[in-house]
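Inspection log for the structure reproduced underneath, given as structure tokens.
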Amino acid sequence: DEVATMVSAQGPGDIIMLENTRFYKEETKNESGFVEKFAAPFDMFVNDAFGTAHRAHASTEGVTKYLSPAVSGFLLAKELEYLDGAVQNGERPMAAIVGGSKVSSKITVLEALLDKCEKIIIGGGMVFTFLKAKGLPVGTSLVEDDFVETAKAVLEKAEKLGKEILLPEDIVVADAFAPDANTQIVAVDAIPDGWMGLDNGPATTAAQAAALADCKTVIMNGPMGVFEFEAFNKGT
């Protein structure tokens, strides 16, 4: 109601910046009642957030059902044109580096890139769902149990297509999710109980560099570790 009142009070050329919608649980759940109320004061929708455009949230996907036209902004259009050009017309061999925290938010990207790229490097928090899919110990690392079978399917598809998927050889693990946590470097099949993987190890980074050396096009989507903490930014 407060937002609706603010909007109705504005004149031509006025701009209102609202609070981050992700502070509301209804945003990520894309709840229809919240979406309808959210969209009500407005006439059209422009999405210029490339980094969140893949999320089916209230402020990215939900509002498009209530507002028309719903269009991309100039930055989003530029990013899409660049990405499409790189994927469709990039020189080969082509590789993709796919990172980030969750398989669920990258599965569509992964499946699309499998058809286009000769090599795919998987890193970040999502890698531990793939390691669990291979039957490896992951300690307290981030894992999406609902997507373990999906990860298996991606690995199987890559094998059938003759594509190379590179998973880490070693991992920087920590005893807490904190910038000053105790750390150690362990082999990918030796993550201890009670420890979580937060970055690629040096052997992994070297192997990735070697794998990319002959590639003419490299597409990177997401970080290899918790780059916000200095102790875990080397892989990225």
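The values are calculated or read from the model by the stated rules, or taken from the named source; none is laboratory data. Note that this is a predicted model, so its numbers are computed, not measured. A quick note on method: Cβ atoms are made from the backbone with ideal geometry, for glycine too, and the neighbour counts reach across all protein chains shown.
Check segment 115-131 and report whether any residue there is free of Cβ contacts under 8 Å to residues at least 40 places away in the same chain, assigned by TED's automatic domain parsing to the domain that holds Met220 and polar (S, T, N, Q). Scanning segment 115-131 turns up at least one residue that is free of Cβ contacts under 8 Å to residues at least 40 places away in the same chain, assigned by TED's automatic domain parsing to the domain that holds Met220 and polar (S, T, N, Q). Is one or more of the residues making up segment 103-122 among the small types (Gly, Ala, Ser), modelled with pLDDT of 95 or more and more than 21 Å from Thr28 (Cα to Cα)? Looking for residues that are among the small types (Gly, Ala, Ser), modelled with pLDDT of 95 or more and more than 21 Å from Thr28 (Cα to Cα), one finds none in segment 103-122, hence no. Taken over segment 193-205, the criterion of being over 15 Å from Leu142 (Cα atoms) and either among the β-branched types (Val, Ile, Thr) or surrounded by fewer than 20 Cβ atoms within 10 Å (Cβ to Cβ) (or both) is satisfied by Pro202, Ala203, Thr204, Thr205. Among the residues making up segment 206-225, a single one is buried (at least 16 other Cβ atoms within 10 Å of the Cβ) and either among the aromatic types (Phe, Trp, Tyr) or without any contact (Cβ under 8 Å) to a residue 60 or more places away in the chain (or both): Ala207.
The residues on offer are Lys102, Lys116, Lys132, and the sole one that is basic (Lys, Arg) and farther than 18 Å from Val143 by Cα is Lys116. Contact annotation: residue pairs with Cβ atoms under 9 Å, 6 or more positions apart or on different chains, pairing a residue in segment 27-53 that is assigned by TED's automatic domain parsing to the domain that holds Ile16 and surrounded by 13 or more Cβ atoms within 10 Å (Cβ to Cβ) with a partner that is in a strand (DSSP E or B) and among the aromatic types (Phe, Trp, Tyr), are Ala39/Phe45. With the structure loaded, tell me whether Thr236 is surrounded by 18 or more Cβ atoms within 10 Å (Cβ to Cβ) and in a loop (DSSP other than H, G, I, E, B) or whether it fails that test. Yes, satisfied.
Is it true that Asp175 is acidic (Asp, Glu), assigned by TED's automatic domain parsing to the domain that holds Ser105, touching a residue at least 40 places away in the same chain (Cβ under 8 Å) and surrounded by fewer than 17 Cβ atoms within 10 Å (Cβ to Cβ)? The answer is no for Asp175. Name the residue, out of Thr129, Thr108, that is surrounded by 15 or more Cβ atoms within 10 Å (Cβ to Cβ), of a type in the set (Ser, Thr, Tyr) and in a helix (DSSP H, G or I). Testing whether each residue is surrounded by 15 or more Cβ atoms within 10 Å (Cβ to Cβ), of a type in the set (Ser, Thr, Tyr) and in a helix (DSSP H, G or I) leaves just Thr129. Candidates are the residues of segment 1-30 that are assigned to a loop (DSSP other than H, G, I, E, B) and in contact with a helix residue (DSSP H, G or I) (Cβ under 8 Å, 6 or more places away or on another chain); the one that is nearest to Thr108 (Cα to Cα) is Asn30. From the list Ala70, Ala58, the lone residue that is under 21 Å from Ser105 (Cα atoms), surrounded by 14 or more Cβ atoms within 10 Å (Cβ to Cβ), in contact with a Phe, Trp or Tyr (Cβ under 7 Å, 6 or more places away or on another chain) and not assigned by TED's automatic domain parsing to the domain that holds Thr217 is Ala58.
For segment 87-95, the count of residues that are outside any helix (DSSP H, G or I), in contact (Cβ under 8 Å) with a residue 24 or more places away in the chain and under 19 Å from Pro223 (Cα atoms) is at least one.
The requirement of being farther than 23 Å from Cys117 by Cβ and basic (Lys, Arg) is fulfilled somewhere in segment 34-41, by at least one residue.
Select from segment 135-154 the residues that are within 29 Å of Arg92 (Cα to Cα) and either surrounded by 15 or more Cβ atoms within 10 Å (Cβ to Cβ) or not assigned by TED's automatic domain parsing to the domain that holds Asp189 (or both) and list them in ascending order. If the condition is that a residue be within 29 Å of Arg92 (Cα to Cα) and either surrounded by 15 or more Cβ atoms within 10 Å (Cβ to Cβ) or not assigned by TED's automatic domain parsing to the domain that holds Asp189 (or both), then Thr150, Ala151, Lys152, Val154 are the ones that fit.
Determine if segment 87-95 includes at least one residue that is among the aliphatic types (A, V, I, L, M), within 25 Å of Val143 (Cβ to Cβ) and assigned by TED's automatic domain parsing to the domain that holds Leu198. No, there is no match, as no residue in segment 87-95 is among the aliphatic types (A, V, I, L, M), within 25 Å of Val143 (Cβ to Cβ) and assigned by TED's automatic domain parsing to the domain that holds Leu198.
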